[in-house]
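*Asks:* Sharing a structure, written as structure tokens. Questions coming.
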């Protein structure tokens, strides 16, 4: 029985209770390699392809397309040919009970908080051995932007994702709202966790933050992955930034969010609602207005990091969604000496739209 | 960060945070503290159901226990609002609005218009509304249509703790008179509510469930019943969109019309009496502005045109049920 590997309904974020198995990408009898896309799953918040955590021979598909299953429900079974069908039947039959029990008792990883000079910062931690990886979200985002990445990346080592000041559930009153606040907070976060050295991966504005942290503290940063980053060129979609900052209701916010994805159907009601809940919090509007004014006034990026990062000698790679409508993917070539990866069929939120590919690139680079 | 709290605690937290943020926010009403000026325990009541319990200890200078005279203290609140304070007057039960209606209908609602836009009246009247508590005909009414009928008043009726906190904060910060109706049957309901203060803008309905087959438009306690009905209908493959209006004045007709243009079927669910109700208002507007999108006759689900009965058995029959709502949706789907 030990040779049997289950494939389960994933848990994306704290609030996910169930998901719909939309479509299978692998047939029974197929050999799966780790990282292969095996199925599409939809929740009320988002839809995404699920990548295999383990490799093996797919012996049995238990989950039916179009059906909804609780988190950690058994969807398929992998096992070598030496395992008999009867053993697989027995495994599938026996699986029911632990799934039901686990659903009630186990809450999964929760968020943590750190009191830093900027104020209270929320973060998610996935412990492990080795040099940790810190994930830094972009303008207006939060650590849940790494929903499809954090657990997959944690297979390679410890991973942390934080909410920058003014974002998510972190402090909203820290000022001035600018690059230095973000950079100082990442360093203070590393100090708080007693991390001498870390890999950084930053998305969008978080890329500018990660690059700047590395340029200022090259000895403490093992590598930097910049995903659709700010800081490598002048242009930025000011319509998006202004639209996002000014939106107060669903009708204004949804069109702004459409710019973020190549597949605009990913902008769900629940995604818009969650962002509105964040934007309504006291202080957020002021913070984002000030931050946008400092970093992206008049459709131009005020802060650049390409030269300083290249000079720092910290290994860097750039990942970009080819159809990025916020920051042009052409900026990818502006970081000298860095490996660049353009991912087709993906927009600005490439780490969500093509999570398996981004996870593979980050894992390989960090290793 | 967000945690799960009750709607009653959401009201308390909103009042606490706003009185802390702004010392001009004051509360007044009958027994909102309880026992002030008398021997014995301070803060003995905290409102008739304990909603404002604990606030007096933190904000002793911002809370006034008033005599049993709604006409006096609602008038005082309206006057104080014109003079620079942000009073939150608690009417206990909205059924008592009769004795102080002139202060609202002819005074608060009119000042901005009659003084050339120069007068602002940032007053909030909080009151419990609705049936299901066996509180009988004089303590169970849903008077949203009566109040929404008056231009110059804003009328809010939340369905859940998250909306309740954000809408109450918006009510206090708003510069116009707001009637804030708290359904007493929802006080114990729970949900995720951020600890931080936040304001939800008025006139923005919430699509609480998406669906393509029919639209249910409702608010307050009927949101939960409509969601139950949607669950029942889903078993038959019927996907219902449920819209929570959240504010009855202003009202978000855009969201309603957009939804009906998609589904072609409309059920208006209202806990108020059927004549001249919010349900009628929605139905009439849709019939006028989206007639071409309708595939079937609009249905309204309301109580009968009768006072709320005291008998528990009769009261349960009086309040629209999930089964009645589901039946109305099915009716829109008949050929």
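The values are calculated or read from the model by the stated rules, or taken from the named source; none is laboratory data. The model shown is predicted, which means the values in this text are computed figures rather than measured ones. A quick note on method: Cβ atoms are made from the backbone with ideal geometry, for glycine too, and the neighbour counts reach across all protein chains shown.
*Asks:* List the helices (runs of 4 or more DSSP H) inside the range A:217-290, counting only whole elements, that have at least 1 residues being more than 11 Å from chain B (Cβ to nearest Cβ), over 21 Å from residue A:304 (Cβ atoms) and more than 21 Å from the chain's Cα centre (by Cα).
*Replies:* Because the criterion is at least 1 residues that are more than 11 Å from chain B (Cβ to nearest Cβ), over 21 Å from residue A:304 (Cβ atoms) and more than 21 Å from the chain's Cα centre (by Cα), the helices (runs of 4 or more DSSP H) in the range A:217-290 that meet it are A:238-246, A:250-258.
*Asks:* Related question: Does the range B:100-107 include one or more residues that are more than 14 Å from chain A (Cβ to nearest Cβ) and under 30 Å from residue B:194 (Cα atoms)?
*Replies:* Checked the range B:100-107: no residue is more than 14 Å from chain A (Cβ to nearest Cβ) and under 30 Å from residue B:194 (Cα atoms).
*Asks:* Sticking with this one: For residue A:191, work out the one condition from (1) touching a strand residue (DSSP E or B) at 6+ places or on another chain (Cβ under 9 Å); (2) within 14 Å of chain B (Cβ to nearest Cβ); (3) without any contact (Cβ under 8 Å) to a residue 12 or more places away in the chain it doesn't fulfil.
*Replies:* That leaves (2) as the condition not met.
*Asks:* Here's a follow-up. Filter the range B:162-202 down to the residues that are over 20 Å from residue B:18 (Cβ atoms) and at the interface with chain A (Cβ under 9 Å from one of its Cβ atoms) and list them by number.
*Replies:* Of everything in the range B:162-202, just one residue is over 20 Å from residue B:18 (Cβ atoms) and at the interface with chain A (Cβ under 9 Å from one of its Cβ atoms), namely B:192.
*Asks:* Where in the range A:306-367 are there helices (runs of 4 or more DSSP H), lying fully within it, with 2 or more residues that are in the same structural domain as residue A:205 (by TED's automatic domain parsing), on the phi < 0 side of the Ramachandran plot and touching a strand residue (DSSP E or B) at 6+ places or on another chain (Cβ under 6 Å)?
*Replies:* By residue number, A:350-353, A:355-366.
So that you can scan it fast, the table gives a plain yes or no per residue for (1) in a strand (DSSP E or B); (2) crowded, with 24+ Cβ neighbours inside 10 Å; (3) touching a strand residue (DSSP E or B) at 6+ places or on another chain (Cβ under 6 Å); (4) within 14 Å of another protein chain (Cβ to nearest Cβ):
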position	(1), (2), (3), (4)
A:120	yes, no, yes, yes
A:130	no, no, no, no
A:141	no, no, no, no
A:161	yes, yes, yes, no
A:169	no, no, yes, yes
A:176	no, no, no, no
A:183	no, no, no, no
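*Asks:* For the range A:333-351, what are the residues that are surrounded by 23 or more Cβ atoms within 10 Å (Cβ to Cβ) and either modelled with pLDDT under 95 or closer than 14 Å to residue A:231 by Cα (or both)?
*Replies:* Correct list: A:335 only.
*Asks:* Another question, then. Can residue B:237 be described as within 14 Å of chain A (Cβ to nearest Cβ) and either assigned to a helix (DSSP H, G or I) or surrounded by fewer than 20 Cβ atoms within 10 Å (Cβ to Cβ) (or both)?
*Replies:* When the stated conditions are applied, residue B:237 passes them.
*Asks:* If you don't mind, another one. Considering each residue of the range B:300-321, count those that are in contact (Cβ under 8 Å) with a residue 40 or more places away in the chain, in a helix (DSSP H, G or I) and more than 21 Å from the chain's Cα centre (by Cα), and give that number.
*Replies:* Looking only at that region, the number is 1.
*Asks:* I've got another one for you. For the subset of the range B:184-218 comprising residues that are assigned to a strand (DSSP E or B), within 15 Å of the chain's Cα centre (by Cα) and free of Cβ contacts under 8 Å to residues at least 60 places away in the same chain, which member is farthest from residue B:331 (Cα to Cα)?
*Replies:* Residue satisfying both the conditions and the ranking: B:206.
*Asks:* Same structure, new question: How many residues does the range B:1-31 hold that are within 14 Å of chain A (Cβ to nearest Cβ) and outside any helix (DSSP H, G or I)?
*Replies:* Qualifying residue count, the range B:1-31: 5.
*Asks:* Let me ask something else. Does the range A:7-27 contain at least one residue that is more than 21 Å from the chain's Cα centre (by Cα) and under 16 Å from residue A:152 (Cα atoms)?
*Replies:* Scanning the range A:7-27 turns up at least one residue that is more than 21 Å from the chain's Cα centre (by Cα) and under 16 Å from residue A:152 (Cα atoms).
*Asks:* Can you find a residue that is out of contact with any helix residue (DSSP H, G or I) (no Cβ under 8 Å at 6 or more places or on another chain), outside any helix (DSSP H, G or I), surrounded by fewer than 20 Cβ atoms within 10 Å (Cβ to Cβ) and at pLDDT 95 or above anywhere in the range B:36-47?
*Replies:* Scanning the range B:36-47 turns up no residue that is out of contact with any helix residue (DSSP H, G or I) (no Cβ under 8 Å at 6 or more places or on another chain), outside any helix (DSSP H, G or I), surrounded by fewer than 20 Cβ atoms within 10 Å (Cβ to Cβ) and at pLDDT 95 or above.
*Asks:* Scanning the range A:143-159 for residues that are in a loop (DSSP other than H, G, I, E, B) and within 20 Å of residue A:214 (Cβ to Cβ), which turns out farthest from the other protein chains (Cβ to nearest Cβ)?
*Replies:* A:156
*Asks:* With the condition kept exactly as written, say whether any residue in the range A:58-68 is in contact (Cβ under 8 Å) with a residue 60 or more places away in the chain and either surrounded by fewer than 21 Cβ atoms within 10 Å (Cβ to Cβ) or out of contact with any strand residue (DSSP E or B) (no Cβ under 9 Å at 6 or more places or on another chain) (or both).
*Replies:* No.
*Asks:* May I ask you to say which residue of B:230, B:297, B:272 is crowded, with 22+ Cβ neighbours inside 10 Å and part of a loop (DSSP other than H, G, I, E, B)?
*Replies:* Answer to the check: B:272.
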